[in-house]
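For reference, the structure discussed in these notes is given below.
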Amino acid sequence: MSHSSYFSKKESHPISPIIQINEIDAENFNIADLPTELPILPLRNTVFFPHIVIPITVSRDKNILAVKESYKTDKYIAVLAQKDPDTEDPEFEHLYTCGTVAKILKLITMPDGGTTIIIQGIARFELLSITSVTPFLKGNIMFLEDKPNTDQIKFDTLLDSIKDQFSKLLKFSTQSNDALFLLKNIDSPNYIIYFIGSNLTCPIEDKQELLTLNNIEERAEKLIFLLNNEINYAELKNKVINKTKTEIDKQQKEYFLQQQLKSINEELGNENNSKEIEEMKRKAENKKWSEDIKNLFDKNIKKLERMHPYSPDYSVIFNHLDVLLDLPWNELTTDNYDLDNAAKILDDDHYGMEKIKMRILEFLAVLKLKGDMKSPILCFVGPPGIGKTSLGKSISRALERKYGRISLGGLHDESEIRGHRKTYIGAMPGRIIQTLKKCNSANPVIILDEIDKMGVDYKGDPSSALLEVLDPEQNHSFYDNYIEAEFDLSKVLFIATANNLQQIQPALRDRLEIIELSGYATEEKIQIGKKHLTPKQKIAHGLQDHKINISNKIYELIISQYTRESGVRELDRKIAALMRNIAKNFVQTHEIKVPNSLEELQLVLGMEKFPIEKYKNLNTPGVVPGLAWTAVGGDILFIETVLYPGEGKIHLTGNLGNVMKESANTAFAYIKANASKWYLTPEIFKTQDIHIHVPEGATPKDGPSAGITILTAILSAFTKTKINPHFAMTGEITLRGQVTAVGGIKEKILAAKREGFKNIILCFQNKKDVEEIEKSYIKGLQFTYVEHIDQVIKSALDL
């Protein structure tokens, strides 16, 4: 049911006429003749007052039944306002309890089938209870009596004030004459209050309060308050409309004159450009640039003033000056020297990485003591997905500096670093200057991402252009070809990231402070998954309000059998897949179901990609597991060796590099030279060919780390001795049998533990690398440190 009266809140004026009635009928009506149980008619957005007559269109089925039932009998109905107009089927708690008993004067069936009634307000009542909800609302009511005023003089004053205020309000209405005529024909104070109250545009809550008040003096005071609000609103609205009209007229006049001026200037060929130039001069007054830059600006601005705006060089010089004005010349942000706060931010954002965190805290400490220092040029080197780039954001947050990122991957144009000369079409500053302009700070943290993946072609070598940028002794005067001036980069904290240190140009590498990051251990990945990745994916999948407990066992299964990486990108994707499955189940069953076993995990992620069973197949002589380093972390490399009748030749397969082939020849030579140690006769080397193969032939393999592994595999094949279970090894060998140190120890050890190996053979010089690894990460592993190949053979083959 919707209420349709002669008054609408969408109209621009607050006053509308109400149908005139004979007030004597309502004033002298005997309440005792009215029933105390009546049908109820709820109204939306409307408070109905006594003495008032309004038409109402009834649309809800229950209300239509209530109206027709009342019209058939005594024609009385209890009218109440709804608290929420969106409630379709209101009950007791949805209605205001104070309302007006009305008499249905007329019921009209409209041509479209709708029902319209005209009702007259009789008396106020209070709803005591609902006696029936079907087929329509019906309730017990108690009639309310008005408390007489105690001070007639005061009340008369209030009434005169109400009439004056209402007359003032009518000045803003287009129908003031009709309302004044109705008001002059009303003698009853109550009717005057109700008539004016029903015509106000105030919220329904205020009108309801006006109806609820029993004391007529309080009711009059409340009406004066509402009238004052209406008048203030109407005056403000009228003021805004007049002001807007004046501004529009002024704008139209200015637009007309501007168009005329433009036409005149076009005819003369001398369009005025002074406003743009004056604006540039105003901006230049606040810049903190050096005398050289100021002179450059002044020179070019004078040149600009002499130019015609349609000249080809005008836009070139204008854009150049615009860039000069946008650059943050000596505009520095204040660093936060709070070491505890910086440490907390770094720990919250990244797990582990103690070396980097310590280096940043050292930089902050020195900066705090010295007040000013050249920023270091850091380079984070490590496998993908371990958080090198995101660490830069955390550093900028810890220092409270602006953050910028420059992706150097695939960059092959020197102009991308140094900029183009401004005379070229489409010329722009280099990436460094653009980033500073974007950061609007001369001391931001800038990430030079993937610095090892820059290219070289006929357009120049961008890595050579970076030599000046990344040299603390030179970058205080970095020259960009576009701005044709030097810019101080010494306050910028540059952080480069790379996966392979060997691919960085040596001269550039020499300028970088290298901080090597190794892959994460399983224990570290579990913590990262719990503290960082899972909360992030919960938010991404709308599950942040639900408690999801993923056990360490499930994290470990995902890490060990569904991912093979040093970082956590694939782990993040697997957790995302897990969250999608949890979200789907929750929508279907309203239950949070988390896998608790490998079988349940397989239903979500499929079968394991990397089942842990490699070491179980080491039951054949000639097969030895070695440890290898790859760009995505450590891995297990099996060396397979077989003997067959031949002429003593050695055959190598498996896509091996030159260094690895040399290691195989060195190992074979050492065995032949020392054959008597293992009771091998010289004839066996003349009658047997040896074939060494490293599986996964599509993957290139190189490096000296497999030296002792190849030698052990060859000797295992010749002596027909199986390697001891759970052994893996890495190390380089010399012709004298010495075992030398290799790199990537942490990644190799973590790979061995992941695959289930228990004993690891290493060069004694690598003991320091093992000691740097957190003890809990290598719990359960035994290390055998060797200096000579004989110690390797004794440990692995018991020979």
Reported set for the stretch 106-127 where residues are in a strand (DSSP E or B), farther than 14 Å from VAL79 by Cα and open to solvent by 10 Å² or more (accessible area, probe 1.4 Å) is LYS106, LEU107, ILE108, THR109, THR116
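Of the residues that sit in the stretch 358-371 and are of a type outside the set (A, V, I, L, M, F, W, C) and under 17 Å from LEU391 (Cα atoms), which one is least open to solvent (accessible area, probe 1.4 Å)?
Result: ARG359.
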The number of residues in the stretch 755-792 that are assigned to a helix (DSSP H, G or I), open to solvent by 40 Å² or more (accessible area, probe 1.4 Å) and closer than 23 Å to THR712 by Cα is 5
Would you mind stating whether LEU210 is touching a Cys at 6+ places or on another chain (Cβ under 6 Å), assigned to a helix (DSSP H, G or I) and modelled with pLDDT of 80 or more? no
Please tell me if ALA507 is in contact with a helix residue (DSSP H, G or I) (Cβ under 9 Å, 6 or more places away or on another chain), at pLDDT 90 or above, small (Gly, Ala, Ser) and open to solvent by 20 Å² or more (accessible area, probe 1.4 Å). no
Residue hits (the stretch 681-722; buried (at least 24 other Cβ atoms within 10 Å of the Cβ) and more than 57 Å from the chain's Cα centre (by Cα)) are LEU715
- Query: Taking LEU65, is it surrounded by 12 or more Cβ atoms within 10 Å (Cβ to Cβ), at pLDDT 70 or above and not in a helix (DSSP H, G or I)?
  - Reply: no
Expected output for the stretch 545-556 (first residue of a type in the set (A, V, I, L, M, F, W, C), partner open to solvent by 50 Å² or more (accessible area, probe 1.4 Å), Cβ below 8 Å, 6+ apart or cross-chain) is ILE548/ILE592; ILE550/LYS530; ILE554/ASN596
| task | Might you check whether a residue that is over 22 Å from GLU755 (Cα atoms) and among the acidic types (Asp, Glu) occurs anywhere in the stretch 689-706? | result | yes
Those strands (runs of 3 or more DSSP E) completely within the stretch 477-588 that have 1 or more residues that are within 26 Å of TYR777 (Cβ to Cβ) are 493-498, 513-516
Of those in the stretch 728-754 that are open to solvent by 10 Å² or more (accessible area, probe 1.4 Å) and assigned to a strand (DSSP E or B), the residue farthest from ILE671 (Cα to Cα) is THR740
All-but-one check, LEU799 against (1) touching a residue at least 60 places away in the same chain (Cβ under 8 Å); (2) outside any helix (DSSP H, G or I); (3) open to solvent by less than 20 Å² (accessible area, probe 1.4 Å), failing number (3)
Contact list, first residue from the stretch 36-61 and over 13 Å from VAL79 (Cα atoms), second anywhere and part of a loop (DSSP other than H, G, I, E, B) and open to solvent by less than 10 Å² (accessible area, probe 1.4 Å), beta-carbon distance below 6 Å, six or more apart or interchain, is SER59/MET1; ARG60/MET1
Among PHE172, PHE136, the single one that is assigned to a loop (DSSP other than H, G, I, E, B), at pLDDT 75 or above and in contact with a Pro (Cβ under 8 Å, 6 or more places away or on another chain) is PHE136
Among the residues of the stretch 330-340, is there at least one that is touching a helix residue (DSSP H, G or I) at 6+ places or on another chain (Cβ under 7 Å) and modelled with pLDDT of 85 or more? yes
Expected single match for modelled with pLDDT of 85 or more, open to solvent by 60 Å² or more (accessible area, probe 1.4 Å) and either of a type in the set (S, T, N, Q) or in contact with an Asp or Glu (Cβ under 8 Å, 6 or more places away or on another chain) (or both) among ASN581, ASN617, ASN596, ASN585 is ASN596
Reported set for the stretch 390-441 where residues are buried (at least 16 other Cβ atoms within 10 Å of the Cβ) and β-branched (Val, Ile, Thr) is ILE395, ILE406, ILE417, ILE432, ILE433, THR435
Of those in the stretch 478-498 that are more than 17 Å from SER396 (Cβ to Cβ) and touching a Pro at 6+ places or on another chain (Cβ under 9 Å), the residue surrounded by the most Cβ atoms within 10 Å (Cβ to Cβ) is TYR482
So, first residue on the phi > 0 side of the Ramachandran plot in the stretch 315-336, second residue at pLDDT below 85 and assigned to a loop (DSSP other than H, G, I, E, B), Cβ within less than 6 Å, six or more apart or across chains; the pairs are ASN330/LYS288
Across (1) part of a strand (DSSP E or B); (2) open to solvent by less than 60 Å² (accessible area, probe 1.4 Å), PRO90 clears everything bar (1)
Given the conditions (1) surrounded by fewer than 18 Cβ atoms within 10 Å (Cβ to Cβ); (2) acidic (Asp, Glu); (3) modelled with pLDDT of 85 or more, every one holds for ASP164 apart from (3)
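The values are calculated or read from the model by the stated rules, or taken from the named source; none is laboratory data. Source: prediction; values computed, not measured. Note that each Cβ is placed from the backbone with ideal geometry, even for glycine, and that neighbours are counted across all protein chains shown. For accessibility, only protein heavy atoms count, side chains too; no ligands or nucleic acids. Shrake-Rupley method; radii C 1.70, N 1.55, O 1.52, S 1.80 Å.
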